[in-house]
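Accompanying notes for the structure given below.
The values are calculated or read from the model by the stated rules, or taken from the named source; none is laboratory data. Note that this is a predicted model, so its numbers are computed, not measured. Using ideal geometry, Cβ is built from the backbone for each residue, glycine included, and neighbour counts are taken over all protein chains shown. To get the accessible areas, we keep the full protein, side chains included, count just its heavy atoms, and leave off ligands, DNA and RNA. Shrake-Rupley method; radii C 1.70, N 1.55, O 1.52, S 1.80 Å.
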Amino acid sequence: MNLRRDVFQAIADPTRRAILLLVTSHSMTAGAIASNFDTARPTVSKHLKILTECELLQQTQNGREVYYTINAERMREVAEFIEPFIKMWDDRFNKLEDIMKNYKPEN
């Protein structure tokens, strides 16, 4: 699938990460999401558009309201990509911790 925007480019922005955290537990309207930020609503709408284009958020129409929910499957794909890097850093920090446990400073 050819998406216009890159998922990692989308989640690099702190506001978009905050939006994702807001909708993890329940769906929210754009207005409800925007009320959590000190920025203009059109700015939040642009962030929502980017997250929707990347398929990190899904839209559901209920009457005149549009609700945004997290796309758990897409987030799982992101997590699966990141997992080897997490393991690599955990291994490196564990090795460093072992070295530091055995370190004896010279007096």
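Taking θ as phi - 60°, what are the ³J(HN,Hα) couplings along the stretch 40-55 by the Karplus curve (6.51, -1.76, 1.60), each to the nearest whole Hz, with x for Gly and Pro?
Working through the residues one at a time gives 5, 4, x, 5, 5, 4, 5, 4, 4, 5, 4, 5, 6, 4, 7, 6 Hz.
Of the listed peptides 99-107, 12-20, 47-55, what is their order by residue-averaged count of other C-beta atoms within 10 Å, with the highest listed first?
Most protected by this proxy first, the peptides run 47-55, 12-20, 99-107.
Ignoring ligands, DNA and RNA, what percent of the accessible area of the chain is carbon or sulfur (1.4 Å)? The partial results should precede the final answer.
On the way: 4240 of 7980 Å².
Exposed carbon and sulfur together represent 53 percent of the surface.
Quick one: helix 72-102 against the long Cα principal axis of the chain, what's the angle to the nearest 10°, folded into 0 to 90?
20
List the residues whose amide H sits under 5 Å from the amide H of Glu55, counting only those 5 or more places along or on another chain, with H placed 1.01 Å from N in the peptide plane.
Distant-sequence amide H within range of Glu55: zero hits.
Relative to the compact-globule scaling 2.2 N^0.38 Å, provide the ratio for the alpha-carbon radius of gyration of the chain.
So the chain has a normalised radius of gyration of 1.50.
When ligands, DNA and RNA are left out and all protein chains stay put, how many square angstrom of accessible area per residue does the chain have with a 1.4 Å probe?
Accessible area per residue: 75 Å².
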